[in-house]
Amino acid sequence: MGRLVINATHGKDDAERATLAFIMGATAVNADQTCTIVLTIEGVRLATKGYAEEIQKEGFRAVGELVREFLDNGGQLWACGACCKPRGITEEHLREGAKIVGAANVVEVLLSSDNSITF
């Protein structure tokens with residue numbers, strides 16, 4: 001089994017990039033691969049309750065649906081703590097299955113991954 005790390009840096013500011021991160025993530029976990037999506041910059045908003053449900057790029061599945069599929073099939077959803085802080089995002093704002101992590105966690109998962117990609 002491989003391990004993929006996806007860095008998602010966008011939310012509503014770029015719906016296509018936000019969508020593609022979760023298409024890749026859902027595809028990975030549906031293929032029984034280990035996948036962690038690390039949310040940084042504006043992407044951390046995707047970890048909050050209800051936010052992803054408001055995003056749909058024409059021609060693609062809704063981001064909220066993709067996030068649920070990703071989490072339901074064993075994907076890990078991590079929000080960068082340094083990026084959450086200036087946006088006022090705390091654990092109480094997070095959707096079920098998401099967690100806030102520090103840089104050490106991200107470095108550790110990146111070093112143990114087979115591949116990574118950024119959107």
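All of the numbers you see were taken from the coordinates with simple rules; none came from a lab. For clarity, every value in this text was computed on a predicted model and none was experimentally measured. Ideal geometry is used to build each Cβ from the backbone, glycine not excepted, and the neighbour counts take in all protein chains shown.
Odds and ends about this structure:
- Taking a span of 20 Å or more along the helix axis (Cα atoms) and a mean Kyte-Doolittle hydropathy of at least -1.0 as the rule, the DSSP H helices of the chain that qualify are 15-30.
- Loop-located GluC sites (Glu not before Pro) in region 1-60 (DSSP state not H, G, I, E or B) with no more than 12 neighbouring Cβ atoms inside 10 Å: E58.
- Scanning residues 5 or more positions from N7 or on other chains, those with amide H under 5 Å from its amide H are V38, I117, T118, F119, with H placed 1.01 Å from N in the peptide plane.
- Alpha-carbon geometry of region 3-118: the Rg and the Dmax are 12.7, 37 Å, given in that order.
- In the chain, the calculated helix contribution to ellipticity at 222 nm averages -9500 deg cm²/dmol per residue, counting -39,500 (n - 2.57) for every DSSP H run with n ≥ 4.
- Dipole-positive endmost among F60, G25, G102 within region 3-118 (Cβ charges, Cα centre): G102
- Panel order for H10, H93, by other beta carbons found within 10 Å of each beta carbon, from fewest to most: H93, H10.
- Relative contact order of the chain, pairs being alpha-carbon contacts under 8 Å that are 6 or more residues apart, as %: 34
- Lone cysteines, the chain (no partner Cβ under 4.7 Å): C35, C84
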